[in-house]
Amino acid sequence: MLLAQELGVNTRRMHTGEGMNEPRPAVVTVMGHVDHGKTSLLDALRQTSVAAKEAGGITQHIGAFVVEMPSGASITFLDTPGHAAFSAMRARGAAVTDIVVLVVAADDGVMPQTLEAMSHAKAANVPIVVAINKCDKSGADPERVRIQLGSEGLLLEDMGGDVQVVEISAVAKSGLDKLEEALLLQAEMMDLKARIDGPAQAFVVEARVDRGRGPLATAIVKYGTLVSGQHIVVGAEWGRIRSLRDTAGNITQSAKPAMPIEIEGLRGLPMAGDDVVVVDSEERARMLSQGRKKKQEKDRLRKIDEGMAEELEIKEETPERVEMPIIVKADVQGSVQAVTDALRSLNSAQVFSRRDLMSYFFLQLASHNMTLCSF
């Protein structure tokens, strides 16, 4: 793997063996246009979880949670900062999502970010389940939403296609059981299975620094079993797993496929989409981490060179160009990444007034379902 990285080739550690036919829960990402009810739906789904009621609540900062139903079946939901994080993770090879729930407001209809979510799901080759939200509001017209989605090329079951549609209200908590049934049916048709035995392969969905516990990474296990005490390399960081916590904040000794887990014991903070590699010694973990950091530094210097060349070209065209340095600070890595991506989109020769700049920036934040705390 180190040799391949020196040559600029991306590698992934694989494990062959028995146990590939064990069924696993589906991993679901909820997407949709701003203010169509994505956050309300996730909050409502959290409250339907049997495990959440028994444990007394879900840990607020963990970027995923599990809904366990009375039947014993379970679904893992990812709580990402927005479409940018979904596409960034997919670009980094973190193919953790099995199903996308597309949330569309019944009183608003298909909007630009609805189409963006459809595009991301199709590019990732992930099946879509449509949740028509806010059906309890006056002016709600689910039929109009169906027609709009059909005109955009989404083949719904009502129109002879294979995309399931469920009418819900996240605020009134109606239709959630039908949505969960639709997701279980989709997962059953996909026949999701994974290897349970052997070293784990996992991907980071969120990371943050806790003052008392240090760097923490929320990961979804794809294959194998992640065990407390193992030496791991996560992206370019390494460490020894000091503890594993489930979505209820309880310490556990192991994590199986499709299980979201919070990892404590890393030496540094990884990025969303980084892979988790289990190694057999601290020495090997340190070697692999150093190799990855060298590659990251080479990539960073190359991007700086490319950026400087592009900047010189822009300065030649606009000699009076003014730069505004901005420090981005957030509680989790995914939010930082989404905000910086929004800021980079402002990099142009166009002159903005302060009011226009702030309006554009707030619009970008809203599109990622975030608000500004200070500026």
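The values are calculated or read from the model by the stated rules, or taken from the named source; none is laboratory data. What you see is a predicted model; the values in this text were computed from it and never measured. As a convention, Cβ positions derive from the backbone with ideal geometry for all residues, glycine included, and neighbour counts pool all protein chains shown.
A compact table of results
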quantity: Subset of the stretch 281-297 [closer than 11 Å to residue 232 by Cβ and out of contact with any strand residue (DSSP E or B) (no Cβ under 7 Å at 6 or more places or on another chain)]; calculated: 284
quantity: Tally, over the stretch 203-229, of residues that are closer than 22 Å to residue 97 by Cα and assigned to a strand (DSSP E or B); calculated: 15
quantity: Filter result for residue 137 (at pLDDT below 95 and within 25 Å of the chain's Cα centre (by Cα)); calculated: no
quantity: Members of the stretch 184-202 found to be outside any loop (DSSP other than H, G, I, E, B) and farther than 30 Å from residue 336 by Cβ, listed by number; calculated: 184, 185, 186, 187, 188, 189, 190, 193, 194
quantity: Residue 315 part of a helix (DSSP H, G or I), modelled with pLDDT under 70 and basic (Lys, Arg); calculated: yes
quantity: Exclusive hit being buried (at least 18 other Cβ atoms within 10 Å of the Cβ), more than 12 Å from the chain's Cα centre (by Cα) and modelled with pLDDT under 90, set 110, 145, 101, 67; calculated: 67
quantity: Pick from the stretch 262-281, criterion modelled with pLDDT of 90 or more and in contact with a Lys or Arg (Cβ under 7 Å, 6 or more places away or on another chain), ranking: surrounded by the fewest Cβ atoms within 10 Å (Cβ to Cβ); calculated: 264
quantity: Residue satisfying condition, being at pLDDT below 80 and farther than 22 Å from residue 269 by Cα, within set 331, 305; calculated: 305
quantity: Residue list for the stretch 210-229, filter: closer than 15 Å to residue 275 by Cα and not charged (D, E, K, R); calculated: 216, 217, 218, 219, 220, 221, 223, 224, 225, 226
quantity: Matching residues in the stretch 277-297 - criterion: being out of contact with any Leu (no Cβ under 6 Å at 6 or more places or on another chain) and within 15 Å of residue 3 (Cβ to Cβ); calculated: 284, 287, 288, 290, 292, 294, 295
